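**Q** There's a structure below that I have some questions on.
The values are calculated or read from the model by the stated rules, or taken from the named source; none is laboratory data. The structure presented is a predicted model; accordingly, all values stated were derived computationally and were not measured. Methodologically, a virtual Cβ is constructed for each residue, glycine included, from the backbone with ideal geometry; neighbour enumeration extends over all protein chains shown.
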């Protein structure tokens, strides 16, 4: 058997392909994380979750102030962390073996990133099985897998800190949610098991990071409403195990979240409270928060620039950064490095464009399918265009997953790691775009005609992800304005020389 034939058989074997890619990710991501020592190797804050699990098993919800430092909230004489408790639960083995002195942040980050990537790979393999692997569609599946393993959603954020760890785990749960969402949409069957897994993912995400959890809960709730409406319109019962079990699962998680919030902040619906210790070093933050709040829609235009078109790092003719007055007025912190989804995730965005083309091409039948799914035209028989999913179900999921995106665009802090909040939405749309592409001959032919451009998009995504990772490695904490007085190029040249001479 020739070597290319062996590779081809391996590529088409889902089980072995997953095993090999997982082994590669553990090794490759692990090496990057082990070298991502941006600050002190024994950073005390990285043991915050060690302290949290130690306190939780004793019925206490505060943390050691010596670990959380300025990121803690002081209330009633105790210091609390605003992080969810999932990353503390991950450290239960340390408690069992009496090794709470260990810093396992890197290992936790590695597990979460690998879980997220494996769920995304499983989506691609599921679509390949569903649509059939043909010579015409192989490029689409292969390029998407390459982008998942080496592209922006994974590689570009590989930094070991508790801030990153929380987002990694939240996005990992979101990837589980998206996997079952895509599976339910494509098969047209949101079974009790599928909805239960989505409920588990939503609950764990809320227990980890509230902004991600809100998006998943919103998407899950909107999907349930659509499914209930469709069942009622079909004259079927709705109080069945298909709906009751997932709702009970999510309700149990929300009760747990509310309990943690109550014992921390005195309110089950509050996710922070008391006095944020970091305000002592930032006296200008409190007046801005009182004036504009933590979330304000007025920040969205600048947020779009920050996440998609980072011209904010450039200097204008007056010597100040572009939009610097907006930053001074509305923002508490705008962090480096600059990045753009149009670079780090160009291939997924290309598949989103293909999804838009498919929907536009079938817009008339799509509109009829939407009206029918909501019961506006009960007697009209229509088929969704190009074997696509239920439009109402897809719209419900996309609308819910947009919640974290809007929250980050309007948040008073804009940090590089917050970009990860956009991935649940982007992943859902990109995978549906991949499905629309490979399941429609005309669209697949269009994809193959521009195959070289799609390959270039993967290269751009991978190179940009590694560039963003390198910039993240050398970037300093805090708001970017003081660092960019001499220009963004000058700043990063200086930082590169510093790291060459002093290391990390």
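**Q** Go through the range 317-357 and count every residue that is assigned to a loop (DSSP other than H, G, I, E, B) and either under 19 Å from the mean Cα position of the chain (by Cα) or buried (at least 18 other Cβ atoms within 10 Å of the Cβ) (or both).
**A** Total meeting the criteria: 9.
**Q** Then there's this: Of all residues in the range 307-327, which are within 19 Å of residue 412 (Cβ to Cβ) and out of contact with any helix residue (DSSP H, G or I) (no Cβ under 8 Å at 6 or more places or on another chain)?
**A** Passing the criteria: 310, 325.
**Q** What tally of residues in the range 482-504 results from selecting those that are surrounded by 15 or more Cβ atoms within 10 Å (Cβ to Cβ) and at pLDDT 85 or above? Give the steps one after another, and end with the answer.
**A** Looking only at the range 482-504, we keep the residues that are surrounded by 15 or more Cβ atoms within 10 Å (Cβ to Cβ), and these are 483-484, 488, 491-492, 495.
Adding the requirement that they be at pLDDT 85 or above leaves 483-484, 488, 491-492.
Residues flagged as surrounded by 15 or more Cβ atoms within 10 Å (Cβ to Cβ) and at pLDDT 85 or above within the range 482-504 amount to 5.
**Q** Here is a check on your reading of the model: is residue 465 buried (at least 21 other Cβ atoms within 10 Å of the Cβ), closer than 30 Å to residue 396 by Cβ and under 25 Å from the mean Cα position of the chain (by Cα)?
**A** Numbers: buried (at least 21 other Cβ atoms within 10 Å of the Cβ): yes; closer than 30 Å to residue 396 by Cβ: no; under 25 Å from the mean Cα position of the chain (by Cα): yes.
Spelling it out, it is not the case that residue 465 is buried (at least 21 other Cβ atoms within 10 Å of the Cβ), closer than 30 Å to residue 396 by Cβ and under 25 Å from the mean Cα position of the chain (by Cα).
**Q** Let me ask you something else. Failed condition for residue 478, given (1) surrounded by fewer than 13 Cβ atoms within 10 Å (Cβ to Cβ); (2) on the phi > 0 side of the Ramachandran plot, with all others met?
**A** (1)
**Q** Now for a separate question. Do we have residue 405 as farther than 17 Å from residue 215 by Cα and modelled with pLDDT of 85 or more here?
**A** Working: farther than 17 Å from residue 215 by Cα: no; modelled with pLDDT of 85 or more: yes.
No.
**Q** Quick check: is even one residue across the range 428-447 farther than 26 Å from residue 133 by Cβ, modelled with pLDDT of 85 or more and surrounded by fewer than 20 Cβ atoms within 10 Å (Cβ to Cβ)? Can you show your working first?
**A** Taking the range 428-447 and keeping what is farther than 26 Å from residue 133 by Cβ, we get none.
Looking through the range 428-447, none of the residues is farther than 26 Å from residue 133 by Cβ, modelled with pLDDT of 85 or more and surrounded by fewer than 20 Cβ atoms within 10 Å (Cβ to Cβ).
**Q** Do you know which residues across the range 306-316 are under 23 Å from residue 294 (Cβ atoms) and not in a loop (DSSP other than H, G, I, E, B)? Spell out the reasoning first.
**A** Initial filter on the range 306-316 (under 23 Å from residue 294 (Cβ atoms)): 306-308, 310, 312.
Of everything in the range 306-316, those that are under 23 Å from residue 294 (Cβ atoms) and not in a loop (DSSP other than H, G, I, E, B) turn out to be 306, 307, 308, 312.
**Q** So how many residues does the range 261-292 have that are within 20 Å of residue 220 (Cβ to Cβ) and part of a helix (DSSP H, G or I)? Steps first, answer last, please.
**A** Pass one, the range 261-292, residues within 20 Å of residue 220 (Cβ to Cβ): 261, 268-269, 271.
Those left that are additionally part of a helix (DSSP H, G or I): 261.
The number of residues fulfilling the criteria is 1.
**Q** Let me ask something additional. Taking residue 150, is it closer than 23 Å to residue 22 by Cα, modelled with pLDDT of 90 or more and in contact with a helix residue (DSSP H, G or I) (Cβ under 7 Å, 6 or more places away or on another chain)?
**A** Details: closer than 23 Å to residue 22 by Cα: yes; modelled with pLDDT of 90 or more: yes; in contact with a helix residue (DSSP H, G or I) (Cβ under 7 Å, 6 or more places away or on another chain): yes.
Considered against the rule, which asks whether it is closer than 23 Å to residue 22 by Cα, modelled with pLDDT of 90 or more and in contact with a helix residue (DSSP H, G or I) (Cβ under 7 Å, 6 or more places away or on another chain), residue 150 comes out as yes.
**Q** Another question, then. What helices (runs of 4 or more DSSP H), lying completely within the range 410-504, carry at least 1 residues that are over 30 Å from residue 122 (Cβ atoms), out of contact with any strand residue (DSSP E or B) (no Cβ under 8 Å at 6 or more places or on another chain) and touching a residue at least 60 places away in the same chain (Cβ under 8 Å)?
**A** Working: elements: 423-439, 441-449, 451-474, 488-502.
The helices (runs of 4 or more DSSP H) meeting that bar are 451-474, 488-502.
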